[in-house]
Each structure stands twice: as C-alpha cells, then as structure tokens.
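The values are calculated or read from the model by the stated rules, or taken from the named source; none is laboratory data. Here the structure is a predicted model, which is why all the values come from computation and not from measurement. For neighbour counting, all protein chains shown are included, and Cβ atoms are generated from backbone atoms with ideal geometry for every residue, glycine included.
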Amino acid sequence: MGFSMLGPVFRQMFKKPWTNKFPAKYQPSSTTKYLEAVGAGKVKLNPPVPTPPGFRGKIIYDKEKCIGCKLCLKVCPCEAIEFKEKDKKIKIYLARCCFCSQCNDICPTKCLSMSNEFLLADVDPYSKELIVE
Amino acid sequence: MTKDQKTPEEHVKYLKDKFNTNIISADIKKRAAGSKKNETPSIWMKIDKGAFKEIVKYIIEYNYPHLAIISGNDLGNNIELIYHFTVNYGTRLGEINLHISVELPKSKPEIETICDLIPGALITEREKQEFLGVKIKNIPDNRRLFLPDDFPKDVYPWRRDEKGLEKLYKNLHEVKK
Amino acid sequence: MSPEATTKTTYHVPIGPIHPALKEPVFFEFEISGERIIDIDVKLGHVHRAVEWASRKRNPIQILYLAERICGICSYCHPAAFTLAIEAAADIEVAERAEYLRVIQGELERITSHILWAGVAAHEIGFDTVLFLTWEIRERAMDLTEYLCGNRVTKGIMTIGGIRRDITKDMLPRIQKDLKYFKDNFGKLAHIFLDDKTIKMRSQGAGILTKENALKLCAVGPTTRASGIKKDLRADTSYFAYGDLDIDYITPEALTGEVNGDVYDRIIQRLLEVKQSIELIEQCVDKMPAGDIVSEPKIAKVLAQLKKANGEGVGRHEAPRGEVIHYVKLTGEDAPFTWKVRAPTYNNILPWIPMLKGEQIADIPIVAASTDPCMSCTNRVAIVNNGQRSLLNKEQLHRLSVEKTRRLMH
C-alpha cells in the first residue's frame, strides 16, 4: 500500500467541507434567541441542502377541490386522515403521516400534493403547524 | 447434487405414485415475468401428516433442499403449516419451489420435527411452537424464540380463536380529537 | 489454549442485547475457556414489533408501507417481496417497463447496503479511515436513491402491478455519471480490502462456515455463496426482469480460485456483488422497453380486485443479505388472511454457531458482522426487558477487536 492515502489526505485539506452548516454557520450561544431573531427577521437562516425533485414533504391540501370521496382514508397506512362529517372535508394529522404520498395518487380530483417543506419538528403533535385542513 | 433433474410434473407424478392417498392435492403454478416471459414453477401440495417425513426424505434424496420458512394459518378447526422448500438452485432458471402444506387438528396439533434431517429448521420450528401453538415432537431446543419469558402461556399470537391475542391489547388506534 | 489443557471451569460471557457489531439488538451468551469460544447461545426478540399481526387490520396498499418499515436498509426488498406475493396470489399482471425499473431499484439498494457493510466491517477491526472512505461512496448511492425515489431511506416506490416513479430520459445522464463514479471507486475499495495485509490477517481463516454447514443450516445470500453454494434467486428463478438479463452466479472462486468460507471470502463476495450490481443496472438501462410503468393506475380498482381475490402466493426477492420470502393468503377480505415475512438474517442466525466456535473473543465483532445481520428485520414482533446481567458492553468488545488488530500489526 505504501502511502497511497497521502493524496486524499492532502486533497482533503484544501477541499470545501461536505457538511452544510445548518441552520447557522456557527453554533449560536442560545438557540432559542437565535430562532427568535430569525422569526423577527433580523438574522437569515443558512439554507438547508435543496430537496431533490419529487421530494415528499408536508402535504398541501386544496380544500375547494376536495369532493369528500374518502378514498384517501382507505389507503392511508397510518390512519393520519380524519373525515369531518359535517362539511365533508378531511383533516390530516402530520404527526402520524409517514409521507408515502399514497393519498396523492388515489385522489380523483388531485386536491392533495406534496411540498418541499420538511422542517416539521414540534413539541406538540397536535400543534397548528402539524394539522392540515 | 444429482444430475438427473426432474421437471415439476415428474416430481408430482412420482410422489403421487409413491404416496398415492397421502397426497390430498397437488397443483403446479407457473408465473411468467419480464419481457421474455420466462417461467418459475411452483408446486403446491397438500399432504397427509402421516407421510410428511417420508416426503421430506424423498426431497433430500433427490437434491438437498433449502428450507426457506414454515408459515402457518389458523383455519378454524385445523392449523395449517406450509413448508416452503426450494430445490434445483444453482442452475440458471432451474429452481423449483415446493410448498408442502400439512393440516393438523386443533385438538392435537402435533408434528414430528425435521431438525434431524435439516438442522436449519430449528429456528422456524421454535417460532411456530410459540406463535401457532403447535407441538413439534422431538425438537432439540424447546425454548421460546422471539417472545419474552414472561409472556403468558397458552396465548399464541397468530391464532384466531380464544387463544389469540385479543385479551392482551386495548386502545390500538386512539387519536385525540 | 485448548479446553483440555486447563483444569479451570469454563466461563459464561453474555454479550448484548445491543449487538457487538451492528448497533442492533441480539443477545449472545458465550461459553468461554480462556480466550476460546466453546459454545454459543443466541437469544432474539428484543425488537419484536408484531408486524405480521398488525397487517390483519390493513389492506395490501397499506401493508406496502408497513413492510417498508420492517427494515431501514432493506426498505425496498420487503415491499418488493410482498408485492410479488400479492401479485402471485391475485394473479395481477405487471407492466413490462416496471420490471426493469424494479431491478434498478433493487440493485441500487444492494450497492448501498454492501458498501455500508464494507465500512462497518472495516470499523470492526479498527480500520476507521476505510469506514469514512466507504461511506463517502455510499453517500453518492444514497443521493442517487433520493434522486430516483424522492426520499433517501423510505423509498415508497413499490406498488402492486408496477412501480410508482419512472426513470425518464433526462434522468439517465445522472445515473450514468454515478455508475461511473462507483466503478472508478470500486477499484480503490477492492485494492484496500483485497491487498491490505492487516485485513487479510484478521479475516483469513476466521469464522469459517463450511459448504456442508451452509447447506444444512439453510444459510442465504452472500453468506452461503461465500461458502461455495451457488444459490442466487436472481439467477435461479425468473422474477422482475432478472430472467431477461445476463447474470451469472458469483462465488469467491471467481477471484481467488478457491473457497474457504471465511470472513475474507465474505468480503470478496460482497465486493464482487457490488460490481455485478453496477453491470446489472447498466443492462437494465440499455434494455428497458418503453411503455406504462403500472398495469392498473387506478389504485381503487386494484383494491377492489384484491378484495375479490382468493388464493395464496409466495414472493421471493434476493435482498442484499439474502433471500426475502413473503407468504400471503387472500380470502376475499380487505386485509390478507395471513402475511408471513422471512428476512434473510433469520436463516443466517444458526450459521453463527459453527462460525464462532473455536474463535477468540476479540473475533466476535468481525465474525458476527460478516453475515451482515439485520436483527430488526428478523425480530418483527414485541418488547422485552432483559434484566440485570453484567455485560461486556460493545465499546469494550470493540476495543478488544481493535487491540487484536494492533497486536497483529506489530
């Protein structure tokens, strides 16, 4: 073998690091304060690695197009979709969703689609961010 | 491995001649795949418990089989065990699947072990004992495999009768509304 | 030191339930005399999740995603085998183009899995630079998976009667670029693993599984092929498009001219298979016919057809670790009557016993890892609390293994 690893080691020294520093280039002293500042628009987030084409992220629901056929309830593997009898529309609990996009495929009116949004971590599984209706 | 490779039809004919009434039914299913529609044959056989070990011996004599798994069904009065064997592997597109089904009455769900012929059957036989409640006679290792030691006795998860899991769970799909 | 040479009694060393090699739960109890292993007992079931039982409340489309979550690394093989079983049971036709696309996905998964394994094996003997090198290559394979399926791990690509995403013409250059990258780096990896003195010292002659044992204990996948048994579902049977492709059995003989069935042979076996997978993907890209990717695009119709179906079927697919077999029985209800899953590690547990007997404690990690075990695949049903037993934890064991490598190098 000899010193065959020397080449890669030297190259490594001048290469741009693979890691994408997200959400900030350097660790902030307080993460909550940093996120508050982001919320107030003072600081900009270091963007995440772009998602690939056809990424399956948070579901977008077009309520107007929905005809209340309940087909999506039938295929959802996680029982994340609830049917609202009163107004014949659905409610999706993202905390249970496994992002398989099977409901998108079966929807006859194509009122469901997947977005690129993946930053969905939350402390409350029933928070507003995690319920699509 | 033997050189004279029999076709699935020859296998079925030979077994039917030799064990006649012990073979309740035998079907050959072929499924084509790909653009060239090459077929893979599988033999589905229902046999009587009495001749089971003899048939396994016949397969071993013909060509040492690979036992993939024993799967099982609870059919109400009977418990069905299906032994999934494959023979003739090692030749391009020459493999034959052998699915041998044995029905055991629930009153006396007992069958002989095949660990003495195929030692690799031990894990799957142990699994069938704890999941379906069948008794494998002369099994070299009688312990549980997957279930914990404090799991209640006389509860068999794959059963669909009063010995099933029904008593052991509640509130499976509860969502706060 | 042979057991006869000492009058001392043997010791029992429990290892686990966190696996000494891959970070997975399996419990070993070793009977030790000095440094030698005399007997082994394996206990399973620490992550049994009742997957088969859970399927009783789900229809086949829902089970596809349950099957996908049996294992993270084999997140394609389990849905694939399940789909094959359902298609056989209900006699559903498959779109021709989809058969080729299915092969591409399967082989891509094999590349990812085998390279991951190569890294872990190197880590087990204390060769961490190789771990990072292999995982850099694997990252490219993961990126390609992400590009083809949308997500990295849970691919969600299988469906009954075909596949969910097509590979269009504009995607081909990216695939070819990545395949070229794998080929270029394959040489480098092969050089490190096959010519390095340290790896040879640790792996040659360790953990031998004879051909007879492999046959009798029903071993599957690279573990059995490294012992010289020609058993590869892709060549044995015709499923997906494998019947159309040019594929041959690979055993370590191809490279070294002999089969020993040791850890070194299993390393060779997996490396050769990576190369084979790259070639198979290339063949598929060339031969792929045009057409639909799914035979029945309306999922509601498929579900209705399955609800009427009666019959049983078996689906078998050659996963990276060996044969995955699913048995399905349909009785005209929403959910299948029975669904039985058999992951490859299930059959590769018993071969551990002859492999480990007579070895040293420091060899446990590399020998156990050499079958590429995936315990979470195998234990699919409950939760266990294993009580208070003194354990030799994985860090200690890993340290022992690294120390042995150092000793050999000096």
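Side notes on the structure shown:
- Among the residues of region B:35-85, those identified as assigned to a helix (DSSP H, G or I) and free of Cβ contacts under 8 Å to residues at least 40 places away in the same chain are B:Gly50, B:Ala51, B:Glu54, B:Ile59, B:Glu61.
- B:Leu145 vs. criteria facing chain C (nearest Cβ under 8 Å) and either in contact with a helix residue (DSSP H, G or I) (Cβ under 9 Å, 6 or more places away or on another chain) or among the β-branched types (Val, Ile, Thr) (or both): yes
- Selection status of A:Ala37, surrounded by 12 or more Cβ atoms within 10 Å (Cβ to Cβ), among the small types (Gly, Ala, Ser) and within 20 Å of C:Gln62 (Cβ to Cβ): no
- Output for region B:1-56, where each listed residue is within 30 Å of C:Val103 (Cβ to Cβ), within 22 Å of the chain's Cα centre (by Cα) and hydrophobic (A, V, I, L, M, F, W, C): B:Ile28, B:Ile43, B:Trp44
- Taken together, C:Thr159, C:Thr145 contain a single residue that is surrounded by 21 or more Cβ atoms within 10 Å (Cβ to Cβ), touching a strand residue (DSSP E or B) at 6+ places or on another chain (Cβ under 7 Å) and among the hydroxyl-bearing types (Ser, Thr, Tyr), which is C:Thr159.
- Boolean, B:Ile43 is aliphatic (A, V, I, L, M) and surrounded by 13 or more Cβ atoms within 10 Å (Cβ to Cβ): yes
- At least 2 residues being within 14 Å of chain B (Cβ to nearest Cβ), closer than 30 Å to B:Tyr89 by Cα and not aliphatic (A, V, I, L, M) is the threshold, and among the helices (runs of 4 or more DSSP H) wholly inside region C:283-364 those reaching it are C:344-347, C:352-356.
- Scope region B:135-146; condition surrounded by fewer than 21 Cβ atoms within 10 Å (Cβ to Cβ) and either closer than 19 Å to C:Val26 by Cα or touching a strand residue (DSSP E or B) at 6+ places or on another chain (Cβ under 9 Å) (or both); matching residues: B:Lys135, B:Lys137, B:Asn138, B:Asp141, B:Asn142, B:Arg143, B:Arg144
- B:Glu110 falls short on exactly one of the conditions (1) surrounded by 11 or more Cβ atoms within 10 Å (Cβ to Cβ); (2) within 14 Å of chain C (Cβ to nearest Cβ), and that condition is (2).
- Once region C:30-60 is narrowed to residues that are more than 12 Å from every other protein chain (Cβ to nearest Cβ) and over 19 Å from C:Glu124 (Cβ atoms), the residue that is modelled with the lowest pLDDT is C:Gly34.
- The residues listed here are C:Gly126, C:Gly72; of these, the one that is assigned by TED's automatic domain parsing to the domain that holds C:Asp184, in a loop (DSSP other than H, G, I, E, B), surrounded by fewer than 24 Cβ atoms within 10 Å (Cβ to Cβ) and on the phi > 0 side of the Ramachandran plot is C:Gly126.
- Selection count where residues are within 12 Å of another protein chain (Cβ to nearest Cβ) and either on the phi > 0 side of the Ramachandran plot or in a strand (DSSP E or B) (or both), scope region A:93-133: 5
- Residue within region B:159-171 that is surrounded by 20 or more Cβ atoms within 10 Å (Cβ to Cβ) and in a loop (DSSP other than H, G, I, E, B) present: no
- Selection count where residues are of a type in the set (A, V, I, L, M, F, W, C) and within 20 Å of B:Gly120 (Cβ to Cβ), scope region C:348-369: 8
- Restricting region C:250-264 to residues that are out of contact with any helix residue (DSSP H, G or I) (no Cβ under 8 Å at 6 or more places or on another chain) and not polar (S, T, N, Q), the residue that is nearest to the other protein chains (Cβ to nearest Cβ): C:Glu253
- Per-region count, region C:196-231, residues away from chain B (no Cβ under 11 Å), crowded, with 20+ Cβ neighbours inside 10 Å and in a helix (DSSP H, G or I): 6
- Region C:329-349, subset touching a Leu at 6+ places or on another chain (Cβ under 9 Å) and surrounded by fewer than 20 Cβ atoms within 10 Å (Cβ to Cβ), residue modelled with the lowest pLDDT: C:Asp334
- Condition check for B:Lys18: surrounded by 15 or more Cβ atoms within 10 Å (Cβ to Cβ) and away from chain C (no Cβ under 14 Å): no
Yes/no matrix, rows are residues, columns are (1) part of a loop (DSSP other than H, G, I, E, B); (2) surrounded by fewer than 17 Cβ atoms within 10 Å (Cβ to Cβ):
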| site | (1), (2) |
| --- | --- |
| C:Val103 | no, no |
| C:Gly106 | no, no |
| C:Thr112 | no, no |
| C:Ala118 | no, no |
| C:Ala121 | no, no |
| C:Phe132 | no, yes |
| C:Ile137 | no, no |
| C:Arg140 | no, no |
| C:Ile167 | yes, no |
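- Scanning region C:232-249 for residues that are polar (S, T, N, Q) and either out of contact with any Asp or Glu (no Cβ under 6 Å at 6 or more places or on another chain) or more than 9 Å from every other protein chain (Cβ to nearest Cβ) (or both) yields a total of 1.
- Output for region B:118-146, where each listed residue is aliphatic (A, V, I, L, M) and in contact with a Gly (Cβ under 6 Å, 6 or more places away or on another chain): B:Leu132
- Check on C:Gly187, on the phi > 0 side of the Ramachandran plot and either among the polar types (S, T, N, Q) or in the same structural domain as C:Arg110 (by TED's automatic domain parsing) (or both): no
- Number of the condition not met by A:Cys66 [criteria: (1) hydrophobic (A, V, I, L, M, F, W, C); (2) within 13 Å of another protein chain (Cβ to nearest Cβ); (3) part of a loop (DSSP other than H, G, I, E, B); (4) touching a strand residue (DSSP E or B) at 6+ places or on another chain (Cβ under 7 Å)]: (2)
- Checking region A:44-65 against the condition returns a match, with at least one residue being surrounded by 11 or more Cβ atoms within 10 Å (Cβ to Cβ), at pLDDT 90 or above and more than 21 Å from the chain's Cα centre (by Cα).
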